[in-house]
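For reference, the structure is listed below as structure tokens.
The values are calculated or read from the model by the stated rules, or taken from the named source; none is laboratory data. Since this is a predicted model, take the numbers as computed values, not measurements. Cβ coordinates were reconstructed from backbone atoms using ideal geometry, including for glycine residues, and neighbour counts include every protein chain displayed. We work out accessible area using only protein heavy atoms, side chains counted, and drop any ligands, DNA or RNA first. Shrake-Rupley method; radii C 1.70, N 1.55, O 1.52, S 1.80 Å.
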Amino acid sequence: MYRYIIKGGKRLHGETEVSGSKNASLPILAASIINGKTTRLYNVPDIEDVKTTLQILKELGCKIKKDKNKIVINSKTMTKTTIPDNLMRKLRSSVIIAGAIIARFGCARFSYPGGCDIGARPIDLHLENFKKIGIKINENTRYIECNCDKIETKIIELDFPSVGATENLILATVIGNHEITIKNSAMEPEIIDLANFLNKMGAKIYGAGTNIIKIKGVRDLREISYKIMPDRIEAGTLLIAGAITKGMVKINNAIPEHISPLLSKLEEIGCEIKIINKSVYLNANKKLKAVDIQTMPYPGFPTDLQPQFSTLLTICAGTSIVRENIFENRFKFMQEIQRMGAKVTIEGKTMVIKGIRKLHGADLVSTDLRGGASMVLAGLAAKGITRVTNLQYLLRGYDEFDKKLNELGADIIREEGE
Ligand code: UD1
């Protein structure tokens with residue numbers, strides 16, 4: 001493992017590219033086991049969460065070829081239906097592979113998933129709704145066992161528009177002779193990418209991107225090639241890197257409408273934003289001022305950009321209020337940013353940030369994926385040297401983060417050892 005040594009105080013300047021979306025790749029990789037054929041995926045980010053997912057698919061019996069961002073999955077040879085516990089624990093989205101295994105074999109066995117420690121993150125919505133459509137669930141101390149003779153035609157309504165539960169239900173129900181309606185479904189762009197992928201294979205999924213999704217089961221799915229959409233959270237993080245360093249950056253290969261709540265908040269604090277086709281240009285040469293945000297399911301302000309944006313607010317003039325409505329434990333990273341001089345008070349779901357002129361460099365320990373990215377951003381803006389360790393979290397979700405920031409003029413060195 002290595003750490004980042006960041007020399008702060010450099011204004012970022014120039015352009016860089018966004019990689020393929022982590023949160024679209026993971027369900028699409030899971031979906032590629034359903035057809036029992038070969039799937040070619042392009043623009044897949046080269047990150048740890050993708051590697052763990054591929055490891056699970058291999059354990060299940062798939063043959064994988066990976067050439068940087070191109071992945072070929074042959075699922076003909078897949079025979080197993082149990083997801084190994086050690087890999088389940090590595091990442092939360094492993095749970096959605098269960099839906100795909102059920103679609104292929106009518107049964108699946110898995111344990112409770114792990115992932116970043118940003119909240120309780122139960123899977124009750126996944127299991128409850130599996131039961132409603134005819135999947136029998138047997139939970140014992142080690143494993144959750146799912147068995148299903150036939151998916152039943154049903155209209156179901158999610159208590160909360162969970163991204164993972166929506167994806168798991170889509171995956172579990174693409175094959176068969178039924179009709180499923182999911183009300184209050186998640187509307188995130190990654191759900192649209194999953195539906196586009198499956199529909200290209202021959203599935204019949206209607207309404208992805210709205211809060212009512214209909215799935216008409218089909219007999220089988222064909223072999224396809226597919227390009228993963230750009231990562232909206234990475235695009236947002238790179239723009240915030242531009243803003244926090246008072247820089248001028250152009251982020252290419254983005255889908256600007258996917259990050260419109262962030263773009264309006266960046267404008268509100270005083271950044272100039274221009275959209276040119278698939279690029280977003282940001283100029284932060286004016287004094288930045290405080291603003292309030294609250295995280296919401298899409299199309300609201302994304303929880304996955306809250307830590308990075310809150311870090312930016314620590315150096316915006318005035319008092320900002322941040323309300324985190326999705327994950328109850330997502331302010332942990334701020335304890336580290338406070339070591340750099342940030343003035344913050346936290347009470348439950350609310351954080352009050354009093355903007356200061358400048359952060360100072362410090363030694364920081366990354367707490368989770370987006371929290372880790374925020375510490376790097378803070379280091380870029382700070383006076384002096386910042387060292388960030390525990391980078392395994394960051395590597396789960398960002399493809400060449402240091403390289404892209406250095407392309408923009410940052411001074412980040414990777415050093416072996418913690
Ligand atoms: C996905 C994203 C993650 C993002 C999150 C919210 C992936 C791989 N991850 O995670 O980056 O932060 O959406 O946009 O796509 N919940 C329950 N019971 C359940 C399921 C969820 O109570 O069965 C709760 C969670 O604890 C959380 C909220 O619902 O408080 C949102 O979770 P969900 O939308 O399911 O997020 P994930 O799919 O885990």
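This table checks each residue for (1) within 16 Å of the ligand (Cβ to nearest atom); (2) under 21 Å from the mean Cα position of the chain (by Cα); (3) surrounded by fewer than 21 Cβ atoms within 10 Å (Cβ to Cβ).
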| residue | (1), (2), (3) |
| --- | --- |
| Cys62 | no, no, no |
| Lys70 | no, yes, yes |
| Thr77 | no, no, yes |
| Lys80 | no, no, yes |
| Pro84 | no, no, yes |
| Gly99 | yes, yes, no |
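Given the residues Ile144, Ile137, Ile170, which is the only one that is farther than 25 Å from Asp220 by Cβ, within 14 Å of the ligand (Cβ to nearest atom) and open to solvent by less than 10 Å² (accessible area, probe 1.4 Å)? Break it down stepwise before answering.
Numbers: Ile137 fails: open to solvent by less than 10 Å² (accessible area, probe 1.4 Å); Ile170 fails: farther than 25 Å from Asp220 by Cβ.
Only one candidate passes the filter, namely Ile144.
For segment 356-418, please list each of the strands (runs of 3 or more DSSP E) lying entirely inside it that holds at least 1 residues being within 17 Å of Thr311 (Cα to Cα). Write out each step before concluding.
Details: elements: 363-365, 385-389, 412-416.
In segment 356-418, the matching strands (runs of 3 or more DSSP E) lie at 363-365, 385-389.
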(request) Find the residue count for segment 343-356, including only residues that are touching a helix residue (DSSP H, G or I) at 6+ places or on another chain (Cβ under 7 Å) and either open to solvent by less than 50 Å² (accessible area, probe 1.4 Å) or within 24 Å of Leu405 (Cα to Cα) (or both). (result) 4
(request) Determine which single condition Leu54 fails, assuming it passes every other condition in (1) crowded, with 22+ Cβ neighbours inside 10 Å; (2) within 16 Å of the ligand (Cβ to nearest atom). (result) (1)
(request) Please name all residue pairs, on different chains or six or more residues apart, with Cβ atoms under 7 Å, provided the first residue is in segment 23-44 and is closer than 13 Å to Cys62 by Cβ and the second residue is open to solvent by 10 Å² or more (accessible area, probe 1.4 Å) and of a type in the set (S, T, N, Q). (result) Thr38/Asn74
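Have a look at Arg104, Arg92 and point out the one that is open to solvent by 40 Å² or more (accessible area, probe 1.4 Å), in the same structural domain as Leu41 (by TED's automatic domain parsing) and within 14 Å of the ligand (Cβ to nearest atom). First the steps, then the outcome.
Numbers: Arg104 fails: within 14 Å of the ligand (Cβ to nearest atom).
Just one listed residue meets the conditions, Arg92.
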(message) open to solvent by less than 70 Å² (accessible area, probe 1.4 Å), closer than 19 Å to Tyr4 by Cβ and more than 14 Å from the ligand (Cβ to nearest atom): is that true of Leu359 in this structure?
(response) yes
(request) Select from segment 199-228 the residues that are open to solvent by less than 20 Å² (accessible area, probe 1.4 Å), within 29 Å of Asn252 (Cβ to Cβ) and either within 16 Å of the ligand (Cβ to nearest atom) or in contact with a His (Cβ under 9 Å, 6 or more places away or on another chain) (or both) and list them in ascending order. (result) Ile228
(request) Assess whether Ile137 counts as being touching a residue at least 24 places away in the same chain (Cβ under 8 Å) and either touching a helix residue (DSSP H, G or I) at 6+ places or on another chain (Cβ under 6 Å) or part of a strand (DSSP E or B) (or both). (result) no
(request) List every residue pair whose Cβ atoms lie under 6 Å apart, where the two residues are 6 or more positions apart in sequence or sit on different chains, the first residue falls within segment 253-270 and is in the same structural domain as Gly318 (by TED's automatic domain parsing) and more than 11 Å from Pro302 (Cβ to Cβ), and the second residue, located anywhere, is hydrophobic (A, V, I, L, M, F, W, C) and open to solvent by 20 Å² or more (accessible area, probe 1.4 Å). (result) Pro256/Ile275; Leu263/Ile273; Leu266/Ile273; Glu267/Ile273
(request) Please go through segment 5-51 and pick out each residue that is open to solvent by less than 10 Å² (accessible area, probe 1.4 Å) and charged (D, E, K, R). (result) Asp49
(message) Which condition from (1) assigned to a helix (DSSP H, G or I); (2) charged (D, E, K, R); (3) open to solvent by 80 Å² or more (accessible area, probe 1.4 Å) is the one that Glu152 breaks?
(response) (1)
